[in-house]
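Quick notes on the structure that follows.
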Amino acid sequence: MTKQSKIVLGVVVAVVVIIILSLVSVYNSLVKGREGVDGAWAQVEAQYQRRFDLVPNLVESVKGVMSQEQKVFGDLAEARTRYAGAQTPEAKVGAANDMEGALSRLLVVMENYPQLKSAEVVQTFMAQLEGTENRISVERSRYNDTVKNYNVSVKTFPRNLVAGWFGFSSRTMFQSAPEAATAPKVNLEIKK
């Protein structure tokens with residue numbers, strides 16, 4: 001083998017090694033991004049679970065006072081059951097949105113019962129529920145940020161080529177239900 005052919009072979013090997021190392025680096029960053037999205041979604045689910053665990057306690061605390069509001073309690077139980085049976089993030093988001101709608105109706109009902117709002121146990125549960133809702137909001141925001149970064153990574157060139165070869169695809173961002181744009185109506189009239 002001549003000196004010139006050894007140099008050419010060395011350059012070819014160096015280029016192949018650089019390409020392989022680049023592919024490995026891109027692949028690993030895509031895996032890291034996908035795992036980041038899954039981890040962020042797990043945090044959203046953990047906060048949803050906290051809400052779903054807290055709501056039955058709140059409902060039981062107020063059930064006796066508001067026996068005529070059984071539809072709200074039924075909607076809460078149904079949304080909780082749907083969430084427990086949901087298999088995909090999209091189905092879980094739908095069930096969580098149903099829960100939010102039922103919770104907003106429960107809060108409106110509670111505004112109509114001042115004696116209920118003054119009960120210590122209800123106040124405690126309401127404070128916990130408010131904290132949980134704030135946590136959910138924060139985790140949803142983090143999830144969407146993580147998904148956005150991952151989606152940009154999957155869709156930009158040349159990463160999109162590697163992503164396509166290895167089956168990485170963009171993820172769906174969390175979106176609120178359309179009804180969430182409408183604030184619940186609160187009636188502060190005192191019932192006798």
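The values are calculated or read from the model by the stated rules, or taken from the named source; none is laboratory data. The model shown is predicted, which means the values in this text are computed figures rather than measured ones. Cβ placement follows ideal geometry from the backbone for every residue including glycine, while neighbour counts extend to all protein chains displayed.
Points worth noting:
- For the stretch 10-28, filtering for residues that are farther than 29 Å from ARG140 by Cβ and touching a residue at least 60 places away in the same chain (Cβ under 8 Å) leaves 1.
- Filter result for ARG105 (modelled with pLDDT of 70 or more, closer than 19 Å to TRP41 by Cβ and not hydrophobic (A, V, I, L, M, F, W, C)): no
Okay, residues lined up against (1) surrounded by fewer than 18 Cβ atoms within 10 Å (Cβ to Cβ); (2) at pLDDT below 80; (3) not hydrophobic (A, V, I, L, M, F, W, C):
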residue	(1), (2), (3)
LEU30	no, no, no
VAL44	no, no, no
ASN57	yes, yes, yes
SER67	yes, yes, yes
PHE73	no, yes, no
ALA84	yes, no, no
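- Between VAL26, VAL62, the distinction of being crowded, with 17+ Cβ neighbours inside 10 Å, of a type in the set (A, V, I, L, M) and modelled with pLDDT under 80 belongs to VAL62 only.
- All positions within the stretch 29-52 that are free of Cβ contacts under 8 Å to residues at least 24 places away in the same chain and of a type in the set (Lys, Arg): LYS32
- Check on ALA183, farther than 21 Å from GLY36 by Cα and either at pLDDT below 90 or touching a helix residue (DSSP H, G or I) at 6+ places or on another chain (Cβ under 7 Å) (or both): yes
- When the stretch 120-173 is limited to residues that are under 15 Å from the mean Cα position of the chain (by Cα), of a type in the set (Lys, Arg) and buried (at least 18 other Cβ atoms within 10 Å of the Cβ), the one that is modelled with the highest pLDDT turns out to be ARG171.
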